[in-house]
1. Can you pull out every residue in segment 50-109 that is closer than 16 Å to Asn134 by Cβ, outside any strand (DSSP E or B) and aromatic (Phe, Trp, Tyr)?
2. Out of curiosity, is Asp158 open to solvent by 40 Å² or more (accessible area, probe 1.4 Å), of a type in the set (D, E, K, R) and under 18 Å from Leu176 (Cα atoms)?
3. Looking at segment 117-133, is at least one residue among the hydrophobic types (A, V, I, L, M, F, W, C) and open to solvent by 10 Å² or more (accessible area, probe 1.4 Å)?
4. Quickly run through segment 177-192 and pick out the residues that are at pLDDT below 90 and hydrophobic (A, V, I, L, M, F, W, C).
5. Scan segment 143-176 residue by residue and report those that are at pLDDT below 75, outside any helix (DSSP H, G or I) and not acidic (Asp, Glu).
6. If I filter segment 105-114 down to residues being open to solvent by less than 80 Å² (accessible area, probe 1.4 Å) and free of Cβ contacts under 8 Å to residues at least 60 places away in the same chain, which single residue comes out as nearest to Met189 (Cα to Cα)?
7. Can you tell me which of Gln41, Gln69 is modelled with pLDDT under 90, out of contact with any His (no Cβ under 7 Å at 6 or more places or on another chain), closer than 24 Å to Leu112 by Cα and of a type outside the set (Lys, Arg)?
Amino acid sequence: MKRKSFSMFFVKDTFKVGHLVEDTALSFNASQIQHGSDEHQAIRNSYRFRTAVSKMKASKFMKHYELEQSRAKLVFFGDYSTFKRYNPHVPSTKEEYLHYLESEDHVYELLLDLSVYLFKELPFLHDLQIDIPNHGRMYSLDVSRRQLDRQLNCRLSDMKDGHHHRYYFLYMDDELDRFVGEFVKVKRMRRRYQ
């Protein structure tokens, strides 16, 4: 049985918690891990993943995230009140939340932005799943690097280099519509009655 472990780290005056790596990769002695080995690469990739996630847009509104080999999953909170109930110590306002998740168009733009950012920053990442419950609907993105590269007609991993260059991703409304039509699934959620 593979058990996942929580990892807690400090980012911008708040603690973040996520499911990151298996316990076997967390309990190690640095002298026992050979540089370049699979264990070393897994630890390095999980560190790079945590760093990239902490720098993403709307990262403080994430409920949890996972990395399993080359597949990542991100899940956001469904509304601001739920986010605030579980994270009362996080300094944020409803306006900040609404900036990213106010409308369906904002959710679509965030899905595109996050997928481009993560595939650009993390060359080892091959598949990405993002779930955003919002306004009674579940917006789910499930995309691979190859599919997104083909859709955008570029190689996102080529945009990352060792220097601190800034790349801007500009798109037209029809390109966003094509992205949403191909990769985003919208499902109506059932209400839970108490």
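1. Phe61, Phe77, Tyr80, Phe83, Tyr97, Tyr100, Tyr108
2. no
3. yes
4. Met189
5. Lys160, Gly162, His163, His164, His165, Arg166, Tyr167, Tyr168, Phe169, Leu170
6. Going through the qualifying residues, I end up with Val107.
7. Testing whether each residue is modelled with pLDDT under 90, out of contact with any His (no Cβ under 7 Å at 6 or more places or on another chain), closer than 24 Å to Leu112 by Cα and of a type outside the set (Lys, Arg) leaves just Gln69.
Yes/no per residue for (1) of a type in the set (Lys, Arg); (2) buried (at least 16 other Cβ atoms within 10 Å of the Cβ):
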site	(1), (2)
Tyr47	no, no
Arg50	yes, yes
Lys55	yes, no
Arg71	yes, no
Asn87	no, yes
Pro91	no, no
Lys94	yes, no
Leu101	no, yes
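The values are calculated or read from the model by the stated rules, or taken from the named source; none is laboratory data. Quantities reported herein were computed from a predicted structural model and do not represent experimental measurements. Backbone-built Cβ (ideal geometry, glycine too); neighbour counts: all protein chains shown. Ligands, DNA and RNA are excluded from the accessible area calculation, which covers all protein heavy atoms including side chains. Shrake-Rupley method; radii C 1.70, N 1.55, O 1.52, S 1.80 Å.
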